[in-house]
1. List the residue pairs whose Cβ atoms are under 7 Å apart, where the first residue sits in segment 88-102 and is over 14 Å from Gln141 (Cβ atoms) and in contact (Cβ under 8 Å) with a residue 12 or more places away in the chain, the second is part of a loop (DSSP other than H, G, I, E, B) and of a type outside the set (Gly, Ala, Ser), and the two are 6 or more positions apart or on different chains.
2. Within segment 103-117, take every residue that is of a type in the set (A, V, I, L, M, F, W, C) and either at pLDDT below 95 or assigned to a helix (DSSP H, G or I) (or both) and give me the one that is surrounded by the fewest Cβ atoms within 10 Å (Cβ to Cβ).
3. In this structure, is Pro45 surrounded by fewer than 15 Cβ atoms within 10 Å (Cβ to Cβ), modelled with pLDDT of 75 or more and closer than 29 Å to His80 by Cα?
4. Got a number for residues in segment 80-122 being within 12 Å of the ligand (Cβ to nearest atom) and either at positive phi or in contact with an Asp or Glu (Cβ under 7 Å, 6 or more places away or on another chain) (or both)?
5. Given Leu84, Leu54, which one is closer than 14 Å to Tyr131 by Cα, out of contact with any Gly (no Cβ under 9 Å at 6 or more places or on another chain) and not β-branched (Val, Ile, Thr)?
6. Within segment 118-145, work out how many residues are touching a helix residue (DSSP H, G or I) at 6+ places or on another chain (Cβ under 6 Å) and assigned to a helix (DSSP H, G or I).
7. Taking Ala62, is it assigned to a helix (DSSP H, G or I) and within 15 Å of the ligand (Cβ to nearest atom)?
8. Might you let me know whether segment 68-79 holds any residue that is over 24 Å from Ala138 (Cβ atoms), within 15 Å of the ligand (Cβ to nearest atom) and either aliphatic (A, V, I, L, M) or without any contact (Cβ under 8 Å) to a residue 12 or more places away in the chain (or both)?
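The values are calculated or read from the model by the stated rules, or taken from the named source; none is laboratory data. This one's a predicted model, so the numbers in the text were calculated from it and none came from an experiment. Because the Cβ atoms are built from the backbone with ideal geometry, glycine has one as well, and the counts that use them run over all protein chains shown.
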Amino acid sequence: MAKIMFFIKMAILALVWCPTHLGGAPMLPVPWIFPSNVAAKAFPPLHICFVNMLTKVNIDGASCTKYACHEYRHVWQWNHYRDLYQWWSNHMRDGIFERYYFSKICAIEEDARIFGRTYGKKDGEALMQKYSAAIMEAAYQRGLL
Ligand SMILES: [Zn+2]
């Protein structure tokens, strides 16, 4: 029963959230029903966000909203900073994304973290301009990462 209520809240969250904060971009939040350590994940090209109902991280209503905001922000990034989003996507398997995940250099994550914890009131767009795809690629080519 609690899970059904959670699902309904997620659906309401999506209906309320998408139009106001994301310019009406159609988006589908899908509660993740597989046991996993991953609490939430976005698949921007598909405009789908997952918040995991069976995660080992304890998710209450407030953090569910934060996770949803964080993941929706990645979809927004896909629409507005696609080159940067793709640059980091291209470096998910060579250790660079992992190395910088919690730093400001990984601007897509820092932006989404700020957006998530402030429920969309603040963002890190300036960081995405500072650590742009061109800057990141130049640093990568010079072996600075
Ligand atoms: Zn993220």
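1. Taking only residues 6 or more apart or on different chains, the pairs are Trp88/Cys106; Tyr100/Cys106.
2. First, the residues of segment 103-117 that are of a type in the set (A, V, I, L, M, F, W, C): 105-108, 112, 114-115.
Narrowing the set further to residues that are either at pLDDT below 95 or assigned to a helix (DSSP H, G or I) (or both) leaves 107-108, 112, 114-115.
Working: Ala107: 27, Ile108: 24, Ala112: 23, Ile114: 20, Phe115: 25.
Here the answer is Ile114.
3. On the way: surrounded by fewer than 15 Cβ atoms within 10 Å (Cβ to Cβ): yes; modelled with pLDDT of 75 or more: yes; closer than 29 Å to His80 by Cα: yes.
Against the criterion (surrounded by fewer than 15 Cβ atoms within 10 Å (Cβ to Cβ), modelled with pLDDT of 75 or more and closer than 29 Å to His80 by Cα), Pro45 qualifies.
4. Within segment 80-122, residues that are within 12 Å of the ligand (Cβ to nearest atom) and either at positive phi or in contact with an Asp or Glu (Cβ under 7 Å, 6 or more places away or on another chain) (or both) number 4.
5. Details: Leu54 fails: closer than 14 Å to Tyr131 by Cα.
One residue alone meets the criteria, Leu84.
6. Counting residues in segment 118-145 that are touching a helix residue (DSSP H, G or I) at 6+ places or on another chain (Cβ under 6 Å) and assigned to a helix (DSSP H, G or I) gives 4.
7. Values: assigned to a helix (DSSP H, G or I): yes; within 15 Å of the ligand (Cβ to nearest atom): no.
Against the criterion (assigned to a helix (DSSP H, G or I) and within 15 Å of the ligand (Cβ to nearest atom)), Ala62 does not qualify.
8. Checked against the condition, which is being over 24 Å from Ala138 (Cβ atoms), within 15 Å of the ligand (Cβ to nearest atom) and either aliphatic (A, V, I, L, M) or without any contact (Cβ under 8 Å) to a residue 12 or more places away in the chain (or both), segment 68-79 yields at least one hit.
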